[in-house]
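Shown next, in C-alpha cells, is the structure this report addresses.
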Amino acid sequence: MKRDVVVLLTKAPYGRVHVPEGLRAARGVAAGFDQHDVTVVFTGDGAYAARASVDREALNMPGHVADLREQGGEMVVDAAAMAERDVSPEEIADDVTVRSGDEVSTLVRDADRTLDF
C-alpha cells in the first residue's frame, strides 16, 4: 500500500551521519516495493544541509539525491528553520524547495509515516 512518507533531517550536515543516512533511507523508502511518495524536509539544524555551498560529495549525498529524484521524491527546507539560522533563500540548492513553517507542519501532520534523522 503506497503511503506518504516524510523524512525529517534535523541535524547539522558535518561531523555526523544523519544527513546522508536520512537521504539513504528516503531513497530506499521511495524505491521499495510499494514505491511510497517521499518528501525530505531539512529542518532545525538540517536547514544548513540544504545550502548550495554544502559539499555533497564529502557527505556522500549525490547518489542518494539522484535516486530519490528518479523515484519522484522531493526535497524541501523549512523557511522558519532557515530564518532562525540566518540562512537566506539565495543560499539554498536549486533542487531544494523553500516551504513556509506552516506548509512543513502540514506535510508532517498529513504524512502516513515520518522518519526523523
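The values are calculated or read from the model by the stated rules, or taken from the named source; none is laboratory data. No experiment lies behind these values; they were computed from the predicted model shown. Backbone-built Cβ (ideal geometry, glycine too); neighbour counts: all protein chains shown. Protein only, heavy atoms only, side chains kept; ligands, DNA and RNA dropped before computing areas. Shrake-Rupley method; radii C 1.70, N 1.55, O 1.52, S 1.80 Å.
Taking the condition of being touching a Leu at 6+ places or on another chain (Cβ under 8 Å), open to solvent by 10 Å² or more (accessible area, probe 1.4 Å) and over 13 Å from Asp116 (Cβ atoms), how many residues in the range 39-50 meet it?
1
Can you tell me which residue is least open to solvent (accessible area, probe 1.4 Å) among those in the range 70-112 that are charged (D, E, K, R) and part of a helix (DSSP H, G or I)?
Step one: filter the range 70-112 for residues charged (D, E, K, R), giving 70, 74, 78, 84-86, 90-91, 94-95, 99, 102-103, 109-110, 112.
Remaining after also requiring part of a helix (DSSP H, G or I): 70, 84, 90-91, 102-103, 109-110.
Values: Glu70: 144, Glu84: 141, Glu90: 150, Glu91: 68, Asp102: 121, Glu103: 86, Arg109: 165, Asp110: 91 Å².
Here the answer is Glu91.
Is one or more of the residues making up the range 50-71 hydroxyl-bearing (Ser, Thr, Tyr), under 24 Å from Arg3 (Cα atoms) and at pLDDT 95 or above?
No, the range 50-71 contains no residue that is hydroxyl-bearing (Ser, Thr, Tyr), under 24 Å from Arg3 (Cα atoms) and at pLDDT 95 or above.
Would you be able to tell me the number of residues in the range 3-38 that are open to solvent by 20 Å² or more (accessible area, probe 1.4 Å) and β-branched (Val, Ile, Thr)? Write out each step before concluding.
Narrowing the range 3-38 to residues open to solvent by 20 Å² or more (accessible area, probe 1.4 Å): 3-4, 8, 10-12, 14-18, 21, 24-25, 27-29, 31-37.
Filter once more, keeping what is β-branched (Val, Ile, Thr): 10, 17, 29.
Summing the residues that are open to solvent by 20 Å² or more (accessible area, probe 1.4 Å) and β-branched (Val, Ile, Thr) in the range 3-38 gives 3.
Got at least one residue in the range 102-111 being free of Cβ contacts under 8 Å to residues at least 12 places away in the same chain and of a type in the set (Ser, Thr, Tyr)?
Within the range 102-111, one or more residues are free of Cβ contacts under 8 Å to residues at least 12 places away in the same chain and of a type in the set (Ser, Thr, Tyr).
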